[in-house]
Amino acid sequence: MPVAVYRAPMRARDRESPVGEGAGFGLACGVVGIGDTLARRVERLASLPDGVFVWTRDSGGWFHLGRVAGPYRLDESEAARAVGIVHVRPCAWLDDPFSPDAVPAAVAASFARGGRNLQQIHGGSVEARTLELWPAQ
């Protein structure tokens, strides 16, 4: 089965929030999500297969690797609304972050371009390197 790898900056489009604020929420709550209200972007998140790999970056510039692990839901909690990340999926995040030089080059490049969208990452050996970094289950 092919491996899919996505970048999840977890930054709401309707507010100016510090980089990493949404990621901090996602890591603390065990979710990956978006704040977008555009139906096609919400559907993209909702339709990701369980097991898809996602990368996010925290406020310190460290990268976190997770895997989608459950169905889409709307999170209307105060904490989710505060950071604007209300469309979420459960995500199993690794406990330890990775430095920028330890992640696949395509991951670092995708975050360096900026943007707030959940996007699939292509190029180089992103799939193989991500699999190497995920502990054997």
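A few remarks follow.
- Summed over segment 109-136, residues that are surrounded by 19 or more Cβ atoms within 10 Å (Cβ to Cβ) and either closer than 17 Å to residue 3 by Cα or modelled with pLDDT of 95 or more (or both) total 4.
- Hits in segment 57-90 (condition: of a type outside the set (Lys, Arg), touching a residue at least 24 places away in the same chain (Cβ under 8 Å) and touching a His at 6+ places or on another chain (Cβ under 8 Å)): 58, 72, 75
- Output for segment 1-37, where each listed residue is charged (D, E, K, R) and either surrounded by fewer than 17 Cβ atoms within 10 Å (Cβ to Cβ) or within 18 Å of residue 108 (Cβ to Cβ) (or both): 7, 11, 13, 14, 15, 16
- Residue satisfying all of: in segment 77-100; at pLDDT 95 or above and of a type in the set (D, E, K, R); farthest from residue 47 (Cα to Cα) among these: 96
- Restricting attention to segment 71-97, the residues that are more than 14 Å from the chain's Cα centre (by Cα) and within 21 Å of residue 134 (Cα to Cα) total 2.
- Identification of helices (runs of 4 or more DSSP H) wholly contained in segment 32-126 with 2 or more residues that are closer than 14 Å to residue 22 by Cα and either polar (S, T, N, Q) or out of contact with any helix residue (DSSP H, G or I) (no Cβ under 7 Å at 6 or more places or on another chain) (or both) yields 78-83.
- If you go through segment 21-46 and keep only what is in contact with a strand residue (DSSP E or B) (Cβ under 9 Å, 6 or more places away or on another chain) and of a type in the set (Lys, Arg), you end up with 41, 44.
The values are calculated or read from the model by the stated rules, or taken from the named source; none is laboratory data. Computed from a predicted structure; not experimentally measured. Cβ sites come from the backbone with ideal geometry, for glycine too, and all protein chains shown count toward neighbours.
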